[in-house]
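In what follows, a structure is listed as structure tokens, so that the remarks can point back to it.
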Number of protein chains: 2
Amino acid sequence: MSVTDTAQPTQRTQPSQPTRTVAFVAYPGLTLLDLVGPLQVFSALQSVRDGFRVVVMGRRLRVMETDTPLAVVPDSTFDYTMDPYAVVVPGGLVPTLAAMADRSLLDGIRRAAAHAEVIGSVCTGSLLLGAAGLLDGRRATTHWMFRDLLTSFGATPVAERWVEDGPYLTAAGVSAGIDMALHLVSRMTDEQTAREVQLLIEYDPQPPFGGIDWGTVDIESHAPLAQQFLTEVLTGHPDLLALLRR
Amino acid sequence: MSVTDTAQPTQRTQPSQPTRTVAFVAYPGLTLLDLVGPLQVFSALQSVRDGFRVVVMGRRLRVMETDTPLAVVPDSTFDYTMDPYAVVVPGGLVPTLAAMADRSLLDGIRRAAAHAEVIGSVCTGSLLLGAAGLLDGRRATTHWMFRDLLTSFGATPVAERWVEDGPYLTAAGVSAGIDMALHLVSRMTDEQTAREVQLLIEYDPQPPFGGIDWGTVDIESHAPLAQQFLTEVLTGHPDLLALLRR
């Protein structure tokens, strides 16, 4: 039973509308909050509205490490998740950069996205969409440190919290997935529902020192580090490395 | 190697300072973002500064379900985590309320907290601190829907994003753990370090409809639902139920 069912009448979708599946992609080494921010938003949606199904799909139903001490286990696989309405790809650091050369993972993402209405990403997850050939000609965003790399895949990098272009919905780094997911909830339902979900997860952010002061962030100075990461992880993939090297 | 190590010199703690362990508590059915928000913050801290160790401790090193489709596996246990500097207890809905009667879990929390400098919680995690007898006479907070229950444990409920009282640091619902964790990072290091971690996780929140408009939230109307949850999950524990029933 949901939190709000009993307290107040909630809007239920018509029984005739088919259940929409929101499928999150999981792979070893991902940045956990990239995945869990939007996953919690959609799990909360599922608890207050009928007609939504949330899954986390990996290549196999196996324990995988993350970039935190917590390991995770998906509840579905690429092969088992049929025609999701939305696919969301989380990002990460070194393992995600390395995954740009992982043909099996990229193939799984492409297949999941083939009939999806929404193809989303958080953080460097958009680099996986790009490597899968999905962002050519699209406006997109990613973690600030890797934003320029999107051009290598034919995308136009945009410095916004989230960017929509057709079916593509890409979010900035890590925590931006929460904002993007609430936006997507409102798109798939309505503003009232998104606000209800926001209240459930008490998303009333108060960063102790305020938001990020971008005027003080020297993004360009981090470019050599980003290139160093790429060189290290893609040493066996000279074509991809050449594409990404500027 | 950390993200910022190469890009710019970072402050390293003195080698003479012992490593401080931040230990998160995991138990079946928890609300995943309660755990992962602050866990990601401290994992980022660990990646840019020496002298910190982050662990997630369960009773056993076993797969456990969460309130999302993602299952998780802790990397440590209560028995194995010696003298953590900080202990953080995440919350949840029905499983957390039921856990208020779980003597083994409460005993694990008490033992972990016995010598800790910081005893923290996110969301209804503070109800577990309360049930463990740790919040008597303290100011504390929790998820808005269960805030009044804190009085049952001798605590004074406070409607703030996070509340500090001595070693106790309790956060409001779910996403509040991110704000609380950044505050704790600044307390354990300095503001510059907290800002650096904030930049790494790109925590520059932009909720699509702004923050929560508390003037429109009828908290009192949810009280019967909260009591209904308690009655359902604590039916075998009449003493605890009587304590929590108003």
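Considering only segment A:205-230, state which residues are without any contact (Cβ under 8 Å) to a residue 24 or more places away in the chain, surrounded by 13 or more Cβ atoms within 10 Å (Cβ to Cβ) and part of a helix (DSSP H, G or I).
A:Gln227, A:Gln228
Considering only segment A:44-65, how many residues are under 13 Å from B:Val72 (Cβ atoms) and not in a strand (DSSP E or B)?
Taking segment A:44-65 and keeping what is under 13 Å from B:Val72 (Cβ atoms), we get A:56, A:63-65.
Add one more test, that the residue is not in a strand (DSSP E or B), and what stays is A:63, A:65.
Within segment A:44-65, residues that are under 13 Å from B:Val72 (Cβ atoms) and not in a strand (DSSP E or B) number 2.
Restricting segment B:110-157 to residues that are of a type in the set (A, V, I, L, M, F, W, C) and open to solvent by 20 Å² or more (accessible area, probe 1.4 Å), which is farthest from B:Ala23 (Cα to Cα)? Explain how you work it out, then say what you get.
Step one: list which residues in segment B:110-157 are of a type in the set (A, V, I, L, M, F, W, C), which gives B:112-114, B:116, B:118-119, B:122-123, B:127-129, B:131-132, B:134-135, B:140, B:144-146, B:149-150, B:153, B:155.
With open to solvent by 20 Å² or more (accessible area, probe 1.4 Å) added as a condition, the list becomes B:114, B:131, B:134, B:153.
Values: B:Ala114: 13, B:Ala131: 19, B:Leu134: 17, B:Phe153: 24 Å.
Result: B:Phe153.
On the phi < 0 side of the Ramachandran plot, in a loop (DSSP other than H, G, I, E, B) and free of Cβ contacts under 8 Å to residues at least 40 places away in the same chain - does that describe any residue in segment A:170-186? Outline the logic, then answer.
Start the filter on segment A:170-186 by keeping residues that are on the phi < 0 side of the Ramachandran plot, which leaves A:170-173, A:175-186.
Next, only the ones that are in a loop (DSSP other than H, G, I, E, B) stay: A:172-173, A:175.
From what is left, the residues that are free of Cβ contacts under 8 Å to residues at least 40 places away in the same chain are none.
No: zero hits.
For (1) assigned to a loop (DSSP other than H, G, I, E, B); (2) modelled with pLDDT of 95 or more; (3) open to solvent by 20 Å² or more (accessible area, probe 1.4 Å), each residue gets a yes or a no:
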residue	(1), (2), (3)
A:Asp67	yes, yes, yes
A:Thr81	yes, no, no
A:Val88	no, yes, no
A:Gly92	yes, yes, no
A:Gly108	no, yes, no
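From the list B:Val41, B:Val72, which residue is open to solvent by less than 40 Å² (accessible area, probe 1.4 Å) and in a strand (DSSP E or B)? Show your work before the answer.
Values: B:Val41 fails: in a strand (DSSP E or B).
B:Val72 is the lone residue from the list that is open to solvent by less than 40 Å² (accessible area, probe 1.4 Å) and in a strand (DSSP E or B).
Taking segment B:169-228 on its own, how many of its residues are within 7 Å of chain A (Cβ to nearest Cβ), polar (S, T, N, Q) and within 17 Å of the chain's Cα centre (by Cα)?
Count: 2.
When the residues of segment B:24-51 are narrowed to those that are farther than 20 Å from B:Leu128 by Cα, in contact (Cβ under 8 Å) with a residue 40 or more places away in the chain and not basic (Lys, Arg), which ends up nearest to the other protein chains (Cβ to nearest Cβ)?
Looking at residues that are farther than 20 Å from B:Leu128 by Cα, in contact (Cβ under 8 Å) with a residue 40 or more places away in the chain and not basic (Lys, Arg), I get B:Gln40.
The values are calculated or read from the model by the stated rules, or taken from the named source; none is laboratory data. Predicted, not measured: the structure shown is a model, and the values here were computed from it. Heads up, the Cβs are rebuilt from the backbone with ideal geometry, glycines too, and the neighbour counts pull from every protein chain shown. Quick note on the areas: whole protein, heavy atoms, side chains included, nothing else; ligands and nucleic acids left out. Shrake-Rupley method; radii C 1.70, N 1.55, O 1.52, S 1.80 Å.
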